[in-house]
Amino acid sequence: MLDATPAPAPLTETTVGVWRRLLSHRSVVVGGALFALVLIAALFADWLAPFDPVDTDPVNALLPPSGDHWMGTDQLGRDVFSRVIHGARPSLIMGLVPMLISSIIGTTAGMIIGYYGRWADLLMTRFVDLALAFPPILLALTVVAVLGPGLWSVSLALGLSGIPFYIRMARGQVIQAKEAPFVQTAVAIGASDRRVLFRHIIYRVFPPILVMMTIHVAGAILAGAALSFLGLGIPPPTAEWGTMIQDGRQFLALSWWTAFFPGVALAITVFATNLFGDGLRDVIDPRSKGQPIR
């Protein structure tokens, strides 16, 4: 049988056109290139790092940057450059895993409650308002305190703290999309709720959610480093930028490189992700251009 449900309204831009705008946008290109370098460092750290990041050498402790140690050594004689390279891996995990947890759970829940409304919408709205009243880092601290420090407990904590933001975004987009003519037509001719949500409405929800996902990665990386700096993140001797900054803080006066280089790596990663997210919003977010891209 032929499908009787109407197709979504035509795209205002073709996929090829969107890709061209992405590749011609300076923020997208620069941010994407910087983030790609960090991703390469994380994936190939074992081959790129000249030394083992956890091997200690007290005789060569706190050596300044040189030809043998490009970023010097820390208080235990470990090569800072090797530790910065290996530190990209847990930092990206703490950025990407929470983003996936928050976006999948939050977007699905937001779409459902935004579409059906009624008492579920009222209860979830009150829950989201209550959750947003507390800083996300405070909720993450609570979860980590219960589960204990570690890479996956930090990732879970940051993922749970981001769910309310996705719920609010998805709910608002669904409420607006329900009034679109093609959605009303699909409902009138008897299309199932699942079909309406995941074939028609999702075209309105996905672009702003995608932008939020990129921005969320930067925030999660920074929050994960903050938890490690406070001693609630990844325990030593694992190389992680927040822990490295905390360990090198006491040597800043004489051995600035121990905290400077991991701090620069963290700043570049967060900057690259935010830059890419800003450019992505300019290209595909409907609100930034005043025209719908479904």
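The values are calculated or read from the model by the stated rules, or taken from the named source; none is laboratory data. Nothing here was measured: the structure is a model prediction, and the numbers come from that model. Positions of Cβ are generated from backbone atoms using ideal geometry, with glycine treated the same way; all protein chains shown enter the neighbour counts. Side chains included, ligands, DNA and RNA excluded: accessible areas come from the protein's heavy atoms. Shrake-Rupley method; radii C 1.70, N 1.55, O 1.52, S 1.80 Å.
Below is a table of values for the structure above.
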{"read-out": "For ASP57, net neighbour charge (Lys/Arg +1, Asp/Glu -1) across residues whose Cβ lies under 9 Å away", "value": "-1"}
{"read-out": "Length added when fully stretched, GLN75-ALA145, from 0.36 nm per residue minus Cα-Cα", "value": "22.4 nm"}
{"read-out": "Accessible area of the chain belonging to carbon and sulfur atoms, whole % at 1.4 Å probe", "value": "69"}
{"read-out": "Distant alpha-carbon pairs in the chain (separation over 33 angstrom), percent", "value": "36"}
{"read-out": "Dipole magnitude of the chain about its Cα centre (Cβ charges: Lys, Arg +1; Asp, Glu -1), debye to nearest 20", "value": "1340"}
{"read-out": "Net charge over other residues, Cβ less than 15 angstrom from the Cβ of ALA45 (K, R count +1; D, E count -1)", "value": "-2"}
{"read-out": "Cα centroid separation - segment 113-144 against segment 32-78, whole Å", "value": "41"}
{"read-out": "Using alpha-carbon coordinates, inclination of helix 151-177 to the longest axis of the chain, degrees", "value": "30"}
{"read-out": "Within a Gaussian network of the chain (alpha carbon springs, distance under 10 Å), most fluctuating of PRO208, PRO136, PRO65", "value": "PRO65"}
{"read-out": "Cα-based helix-to-principal-axis angle, 136-147 vs the chain, degrees rounded to 10", "value": "70"}
{"read-out": "Segment 111-183, relative contact order in percent, only Cα pairs under 8 angstrom and at least six apart counted", "value": "45"}
{"read-out": "Within a Gaussian network of the chain (alpha carbon springs, distance under 10 Å), most fluctuating of PRO135, PRO98, PRO262", "value": "PRO135"}
{"read-out": "Stretch gain in nm, segment LEU130-TRP256, where the contour uses 0.36 nm per residue and the Cα spacing is subtracted", "value": "41.1 nm"}
{"read-out": "Principal-axis tilt of helix 80-116 within the chain, Cα atoms, nearest 10 degrees", "value": "20"}
{"read-out": "Per-selection metrics, segment 175-243 (Cα): Rg and Dmax in Å", "value": "20.9, 62"}
{"read-out": "Segment 187-282 - accessible surface per residue (Å², probe 1.4 Å)", "value": "44"}
{"read-out": "Signed unit charges on C-beta, dipole axis of segment 182-294, positive-most listed residue LEU230, ILE245, ILE284", "value": "ILE284"}
{"read-out": "Most fluctuating residue given options VAL143, VAL84, VAL217, as computed from a GNM of the chain linking Cα atoms under 10 Å", "value": "VAL143"}
